Amino acid sequence: MFKTLSSLLSTFFFFAVIALIVLITSLWQISQELPDYHQLEKYEPAVTTRLYAGDGQLMMEYAAEKRLFVPEEKIPTLVKNAFISAEDKNFYHHFGIDFLGIARAVLDNVKNIGSGRRPAGASTITQQVAKNFLLSSELSYKRKIKEAILSTRIEQAFSKQHILELYLNEIYLGNRSYGVAAAALNYFGKALDELSLEEAAYLAALPKGPNNYNPKTKYEAAVARRNWVIDRMVEEGCVSEEDGATAKEKPLKVIERRGEFVRDAQYFSEEVRRYVNNKFGEDALYEGGLLIRTTLNPKLQQIATEVFDEELRNYDMRHGWRGALANIDTTGDYKQALEEVQAPAGRENAWVKAVVLKVSQTQAEIETEEGNAGVLPLGGMKWARKNLKNQSVGGEPKSAADVVKPGDVVLVEKNAKTGTYALRQVPNVEGAMVALDPHTGRVLAMVGGYSFKKSQFNRATQAMRQTGSAFKPIVYLAALENGYSPTDLILDAPFVLDQGPGQPLWKPVNYSKRFYGLMTLRQGIEKSRNLMTVRLAQDVGMDKVADYARKMGVNPNLPELLSMSLGAGETKLINMASAFGMMVNGGKKIDTYLIERIQDRDGRTIYRHDKRACEGCSVDKWENQPVPELPDNREQILDPLSAYQMVSILEGVVQYGTGARLRSLGRHLAGKTGTTNKNQDAWFVGFSPDLVVAVYVGFDEPRSLGRYETGASAALPIFQNFMKRALAGQPDIPFRIPAGIKLVRVNHDTGRPAQPQDQSVIVEALKPEYSLDGKNQRVIGTPQDAGNAAGENKPEFKNDDQDTVQLGSEY
């Protein structure tokens, strides 16, 4: 028997040794496959990049994983205790593996065999770190063995504090939130140190499955899991029973965080995103945790978006109704059909889809997509004249049936006062708007189109458009820089240019199709005379005009053709805003920019627009020392006197010319309208002493805006309404006059020194060398030139009073 027992023991020992060898070999092989855990020492997770407006408001976030990194010592004890109680109560006492927890999980899994339930785990926080950072989520014993080995090695290599920091910053908690700091913001709109007990407990309830405890869809399960965490915290002595009971009674309230971002800044934010992506790369943008401080002024941005959208809607309504979105059968179950009709991108939040059920003379009965019955009175459709070719319109509707019919699906907006609805339509016209600081080039507001949802194309920075008469100030500025004066006289008469063999004669005309005789250079801009501009450009030289277009950033390669003087060349809206800024700032070159500074995740500045050295700016405290002065490094590209003369002339556009409607604001404003051939683009670029605003309106595929739509009717109202609100409450500041300018009273029509009997007198800005007696007044063009250009048909001139003046008469 002893021999038999000995034989059995020998056999058992043999197989045990074999098993041990196999186990050790397997563990050795698995250990060779383990990833390097030392990479956890320098933990740099993908962190959210955040854009901030000039006043510090959050504009936008960009992230592959929305995460805000917080060091372990900055994470509140309440939050740490909540997660440790829920996930690993023995965290501070084990070496990476909790054997009691494993035994408990094994027993539970044995009980649940055949139940179809997912096997329970007993992973410690350290094991979760190993899995989340170094392994996959595969359910296998091999992965669990790797996890256990890595956990013990991680515990030996790093402190508990570092392991907890890794865990709390990496874990996914649902709602696009990686890490506890991002989750606190996205769920509750709070920083970690602002969380209450019940809020911290809810976050600690999420690691087991965020979707299972979503309070919007599974409120009861979410509350139950939160309360379970609170009970664990009470058991572990982290909170008192009284505090735990109080917290469990409170409702679970989470927020929608969308409202925290600056309104209507999508075009601006996207422009910044493209720049950062091109300069620093996609990884830095979406994972680098950059802090980007921009130039945006949220107040001006909101005003710009509101007035721009409102005026585009006004334009669209002036040009009639383009028809219903669809027509559906209303005899059956039309609600499903209504739901399937796709609403156009760009509709306002207050606009809803509705189907027309019945139409009478005075109204249409409708039902909205929300199931609400309503009435669409004829008064709410009066604007809906039929849209015709070239943006013309038909007659005013006399009946609701002239506009809609049963089954039509339309957009409507409810009137809160009357309870009735009004017909609405998303504009198909586009445009852009930019507001900037003329002294620095800081872009304060930007609108790149009617709706970012409708089109992400930024027409302020990407669209190349003809400028029309908005370009004329560049021509006249080139003249002022080359010795011409605002009082010089230019002939407004027929002009014919031979363009060469096989080409038709070029015969530019004024917008009014009339001729006005000799007028001052100033009036050429104020009244936007095409023929005067062409004569002046020819006299100055298109090479000089092209050179100033280049220096001012409008067009680096403007063809030296006379047609370019009338704005036939293309440029970007932001370039025009910058050029006009150089006029009002005294001729200093500015480069427009949207980003002030970029810092990396550690707070180091990696980009700064203003690279000027500032001695005395970095001080520890204020001790009544002098305010540091920054050097002015801007290049002087225009004579300050010429620049002011142009400002004065453009102010005349507002007082006497095409921008006269701005007089109602009672402020010092200046600017220039622009309208391209066939009224395809409408422009206005203008400024106050400290704010430049550029606007254009036009279709993306250029076509006529309508016979009577010009810069003064389509673009100027946007500028006017913006300035009215943007400058409200601010003092009216006159334009700054540089030293050396002589202010002289002259006859507005002749440019000669004013006489007592003169009816139209202005104060003209002249350079010191200009003679006050007017003897050096230039005259560009002669009546003979006009006669030669007109051929046998002598031109008939008309002055501003519509009096006829024959060629050869005094004018």
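Applying the criterion of being crowded, with 17+ Cβ neighbours inside 10 Å and under 21 Å from L480 (Cβ atoms) to the residues of the range 778-796, the residue that is modelled with the lowest pLDDT is G781.
Could you list, in sequence order, the residues of the range 548-603 that are within 30 Å of P504 (Cα to Cα), buried (at least 20 other Cβ atoms within 10 Å of the Cβ) and polar (S, T, N, Q)? Across the range 548-603, the qualifying residues are N555, S565, T571. Only one of the numbered conditions (1) over 23 Å from the mean Cα position of the chain (by Cα); (2) open to solvent by less than 30 Å² (accessible area, probe 1.4 Å); (3) touching a residue at least 40 places away in the same chain (Cβ under 8 Å) is violated by D309, and that is (1).
Which of the residues that make up the range 551-583 are in a helix (DSSP H, G or I) and under 26 Å from the mean Cα position of the chain (by Cα)? Within the range 551-583, L573, I574, N575, M576, A577, S578, A579, F580, G581, M582 qualify.
Of the residues contained in the range 314-322, none is found to be open to solvent by less than 20 Å² (accessible area, probe 1.4 Å), assigned to a helix (DSSP H, G or I) and in contact with a Ser or Thr (Cβ under 7 Å, 6 or more places away or on another chain). Search the range 41-81 for residues being open to solvent by 40 Å² or more (accessible area, probe 1.4 Å) and in a helix (DSSP H, G or I), and hand back the single one that is farthest from Y202 (Cα to Cα). The extreme case among them is E41. As for the range 694-705, it holds at least one residue that is on the phi < 0 side of the Ramachandran plot, assigned to a loop (DSSP other than H, G, I, E, B) and of a type in the set (K, R). Of the candidates L168, L150, the single residue that is crowded, with 16+ Cβ neighbours inside 10 Å, modelled with pLDDT under 80 and assigned to a helix (DSSP H, G or I) is L150. Within the range 605-621, restricting attention to residues that are surrounded by 11 or more Cβ atoms within 10 Å (Cβ to Cβ) and among the hydrophobic types (A, V, I, L, M, F, W, C), the residue that is farthest from the chain's Cα centre (by Cα) is C614. Filter the range 323-349 down to the residues that are among the small types (G, A, S) and under 30 Å from A712 (Cα atoms), then identify the one that is least open to solvent (accessible area, probe 1.4 Å). The selected residue is G346. Screening the candidates F268, F261 for the property of being more than 27 Å from Q128 (Cα to Cα) and at pLDDT 95 or above yields one hit, F268.
Matching residues to (1) free of Cβ contacts under 8 Å to residues at least 12 places away in the same chain; (2) open to solvent by 70 Å² or more (accessible area, probe 1.4 Å):
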{"residue": "N227", "(1), (2)": "no, no"}
{"residue": "I230", "(1), (2)": "no, no"}
{"residue": "V234", "(1), (2)": "yes, no"}
{"residue": "C238", "(1), (2)": "no, no"}
{"residue": "G244", "(1), (2)": "no, no"}
{"residue": "E249", "(1), (2)": "yes, yes"}
{"residue": "F261", "(1), (2)": "no, no"}
{"residue": "A265", "(1), (2)": "no, no"}
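Looking only at the range 173-209, residues that are free of Cβ contacts under 8 Å to residues at least 40 places away in the same chain, under 22 Å from T126 (Cβ atoms) and crowded, with 17+ Cβ neighbours inside 10 Å come to 3 in all.
The values are calculated or read from the model by the stated rules, or taken from the named source; none is laboratory data. The structure displayed is predicted, hence computed values, not measured ones. For neighbour counting, all protein chains shown are included, and Cβ atoms are generated from backbone atoms with ideal geometry for every residue, glycine included. Heavy atoms of the whole protein, side chains included, go into the accessibility calculation; ligands, DNA and RNA do not. Shrake-Rupley method; radii C 1.70, N 1.55, O 1.52, S 1.80 Å.
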